[in-house]
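Colleague: Dropping a structure here in structure tokens format, bear with me for questions.
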Amino acid sequence: MAEIYALCCLLFAALNDFVFKLFARKDRSRGLFVLICGIIWIFCLMWGPLFNGMQNPKVTLIYGVISGILSVLSNLLLIEAMGKQSAGVCSTIYRLNMVIVVIAAILFLGEKVDGWQIAGILSAVAAIIAFMPPGTKFAVKGNSAAMIGIYMVITASFLRACMGISYKFAFQAGADPAGIPLVNGACWVIGGLIYALAREKTLTFTRKIAGYGILSGALISGIVYFMALMLSVGPATITLSISQMSFIVTFVMSILFLKEKITKRTVFAALLGVLAILCLTLFGK
């Protein structure tokens, strides 16, 4: 069953990345979109803590806010990046956040590194470089929109990795596993409202924004739900390696439905991304 749950998590993540791309194609309020996602997220995930209570509410609230801020910032950056780059590129780089998690675990948590993990880190770096526009010298000018999009999603991936690390510290401190995602959802509501008011200076809801927000919020809830199930019944190395492959589905969907350009370079980069995740999860110890 663990593999089935992991595949469900993969499917929900791939669909959500695709929805992000569909939403980001036009000039719509990212803040209001995130706000609606957060409301749906809270509604879908509140029933467990509501009926069963919340363990260690103070610790849960502190770590929930920390991880929630990192979550909303990383996803806002991912959405903004998808407005400038292809869905396949953004999804692949974003899912390589586990490279940063592994490096942080080695540096700050005293975990040991092996040859597979080193190979995975190098493969991830090579994948990101391969996604850079041909002839780029890592400068914004020349391929400004494309390069800004890549730098945005790299930053988003870094913040997403920090969120994962904060989860590890939270559970070590005794935070409630069901309460943390619930607080994260509240952070999306507040963060989305602040982004809409401070940066976009709008609170104009439309049917499109509401529709995309409701759909994405439901998909995110599915990601969280199936991730919890897969980790509860199966080994993390196998289940995470399956679920993190969601970028492959997003990559294919963007080519089939959005007619995004595919080249030998992008295919090679995507394969390097697959190799990186396999080395860091399934092969690495």
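Colleague: Kindly write out, for region 203-211 in residue order, the coupling ³J(HN,Hα) from the Karplus curve 6.51 cos²θ - 1.76 cosθ + 1.60 (θ = phi - 60°), rounded to whole Hz, with x marking Gly and Pro.
Modeller: Rounded to whole hertz, the list is 10, 8, 7, 10, 4, 4, 4, 5, x.
Colleague: While we're on this one: Need one word for region 1-150: rounded, prolate or oblate. Basis is the Cα gyration tensor (sqrt eigenvalues a ≥ b ≥ c); a/c below 1.5 gives rounded, then a/b vs b/c decides.
Modeller: It is oblate, given that a/c is not under 1.5 and a/b is not larger than b/c.
Colleague: When the scattering of region 7-66 is computed by the Debye formula from its Cα atoms alone, each counted once and equally, what is log10 I(q)/I(0) at q = 0.14, 0.27 Å⁻¹?
Modeller: -0.62, -1.11
Colleague: Given the convex hull over the Cα atoms of the chain, what projected area results after averaging over all orientations, in nm²?
Modeller: 15.0 nm²
Colleague: Something else now. Considering only protein heavy atoms, what is the solvent-accessible area of Thr266 at a probe of 1.4 Å, reported in Å² to the nearest 10?
Modeller: Counting only protein heavy atoms, the figure is 20 Å².
Colleague: Further question on the same structure: Expressed in whole Å with the largest first, what are the equivalent ellipsoid semi-axes of region 173-241 derived from the C-alpha gyration tensor as the square root of 5 times each eigenvalue?
Modeller: 31, 16, 9
Colleague: Here's a follow-up. In µm²/s, what is D for region 30-113 at 20 °C and 1.002 mPa s, where D = kT/(6 pi eta Rh) by Stokes-Einstein and Rh is the Kirkwood radius from Cα pairs?
Modeller: On the way: Rh = 15.6 Å.
D, rounded to a whole number, is 137 µm²/s.
Colleague: Which of Ile238, Phe20, Ala119 sits closest to the plus end of the dipole of the chain, meaning its Cα is farthest towards the positive end, when Lys and Arg get +1 and Asp and Glu get -1 on the C-beta?
Modeller: Farthest along the dipole direction, towards plus: Phe20.
Colleague: What does the charge count around Thr155 come to, taking other residues whose C-beta lies under 14 Å from its C-beta (Lys +1, Arg +1, Asp -1, Glu -1)?
Modeller: +1
Colleague: Oh, and also: Please report the Cα spread of region 140-285 along all three principal axes, rounded to whole Å, starting with the longest.
Modeller: 42, 41, 29
Colleague: Going through the cross-link list Lys58/Lys201; Lys21/Lys168; Lys84/Lys168; Lys21/Lys208, which pairs have a Cα-Cα distance over 22 Å in this structure?
Modeller: Over 22 Å apart, Cα to Cα: Lys58/Lys201; Lys21/Lys168; Lys84/Lys168.
The values are calculated or read from the model by the stated rules, or taken from the named source; none is laboratory data. Note that the coordinates shown come from a computational prediction; the quantities given were computed from them, not determined experimentally. Glycine gets a Cβ as well: all are built from the backbone with ideal geometry, and neighbour counts include every protein chain shown. Heads up: the accessible areas ignore ligands, DNA and RNA and are worked out on the full protein's heavy atoms, side chains in. Shrake-Rupley method; radii C 1.70, N 1.55, O 1.52, S 1.80 Å.
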